[in-house]
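S.K.: Following this message is one structure expressed as C-alpha cells.
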Amino acid sequence: MRRRRREAIPVSAATTRSRTPDRLCAEAVDLARAAAEEAAAPGVVGEHAGLVSEGDRVVTHFFECKEPGYRGWRWAATVARASRAKIVTLDEVVLLPGPDALLAPEWVPWSERLRPGDLGPGDLLPTDQDDLRLEPGYSGEEAPPPNSPVSREMAELAEAEDADVTPGAPATQPTVPSRGSIAAVAEELGMRRARVLSRYGLHVAADRWEEAYGAKTPMAQAAPAPCVSCGFLTPIGGSLGQAFGVCANEFSPADGRVVSLTYGCGGHSEAAVMPKPPQRAAPVIDETRVDPFPLRPSRDSGSVPETSDAETAELGHS
C-alpha cells in the first residue's frame with residue numbers, strides 16, 4: 001500500500017493572524033499597564049491608546065508616553081495566553097513610535113553626509129577609484145604601490161568606515177617607487193601624482209568658485225572695479241588661471257580665497273588713491289633783522305585791569 005505524500009501548503013502571517021482579538025487578552029489592560037509602568041519611569045505611562053491583535057490569543061495594548069522628547073510614542077505591552085488557559089501572561093514591553101511620532105532622520109552613509117568644511121585635522125577622506133573629478137596622471141603596466149590611493153589594499157580599507165590607517169604624516173610614508181618602474185619614470189618627469197583633475201573636476205571647481213566669489217555676488221556688483229585690474233590679485237597657473245586668482249588683500253572679504261577675475265570688492269588697489277598729506281614748509285629765519293623783546297611785560301598787556309593798593313585793601317589783600 002502506497003502512502004500519499006502530503007504537500008505543505010504555504011501559509012502567510014496574515015492568514016494565521018486572527019483579526020478578532022482574544023477576549024481575555026483584550027480585558028487584561030491592568031496587567032499591561034502594570035508591566036509598562038514597571039519598565040518605564042514613574043509617571044510617564046499615560047492613558048490607554050487602543051489595542052491590536054497580533055495573532056491567536058496574542059494582543060498588544062498601547063499606552064501614551066508622557067516622556068519629554070518622545071512625542072507621539074507609545075508604550076506597547078503584549079500579553080498572551082495558552083490554548084484552553086484562562087490565565088493571561090505578559091509577553092514583552094517595548095516603546096514604539098506611533099503614526100505621528102517624532103523620529104530621527106534616516107541614517108545616511110558617511111560618504112553622503114560630508115560637506116565642505118567638515119574635514120578636520122587628522123581626518124582622512126579616501127576618494128573613490130572611479131571618482132569623476134579625477135583622471136589618471138600617467139599609465140603603465142606596473143601595479144600602484146600598496147599605500148597608493150588607487151591600490152587594492154587601500155580600496156578595501158576605504159570600504160570600511162573604521163579603517164585602520166598607518167600612523168604618521170603622509171610625508172613620512174614609504175612612497176618611494178622602485179627603480180626603473182613607470183612610477184619612477186613619471187616622478188623624474190614631474191608627474192608624481194597618480195591622478196589629476198579631469199575636465200569634469202575642473203568645471204565643478206570653477207562653478208563652485210564662481211558661485212562663491214564671482215561677478216554675480218552682491219559684493220562684486222557694488223565693487224568699483226573687477227579683480228583683474230587689482231594689484232592684490234595673485235595669479236595661479238594652469239587652465240584655471242585664465243579665469244581665477246588668489247586674493248592677497250588682508251582687508252578684503254576674500255583674503256586667501258580663489259576669486260574670479262570678474263569679482264571685486266571695495267578693497268580694490270585702485271579704488272581710491274588717497275593723496276599724500278601736505279607737508280608744512282620749513283621755518284624761515286631772517287638773521288639780518290633784530291626784533292626787540294621787553295624784559296618785563298607792560299602793565300596794560302594783560303586782560304585784567306591793574307588796581308591800586310587802596311582798592312584792594314578792603315578785600316584783605318596784603
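S.K.: Compute log10 of I(q)/I(0) for the range 208-277 with the Debye formula, placing one identical point scatterer on every Cα and leaving out solvent, at q = 0.12, 0.17, 0.21, 0.24 Å⁻¹, to two decimals.
M.R.: Debye intensities relative to I(0), on a log10 scale: -0.28, -0.53, -0.78, -1.00.
S.K.: Something else now. Ranking request for peptides 262-268, 31-37, 44-50: highest mean number of other beta-carbon atoms within 10 Å first, then the rest in descending order.
M.R.: The most tightly packed comes first, giving 262-268, 31-37, 44-50.
S.K.: Can you give me the Cα centroid spacing of the range 86-114 and the range 217-248 in angstrom?
M.R.: Computed from Cα coordinates, the inter-centre distance equals 53 Å.
S.K.: Right, here's the next one. How would you order 223-236, 70-83 from highest to lowest mean count of nearby Cβ atoms within 10 Å?
M.R.: Per-residue mean Cβ counts within 10 Å order the peptides as 70-83, 223-236.
Rule-based calculations on the coordinates, nothing more; no lab input. Model, not experiment: these values are computed from the prediction. So basically every Cβ, Gly included, is an ideal-geometry build from the backbone, and we count neighbours across all protein chains shown.
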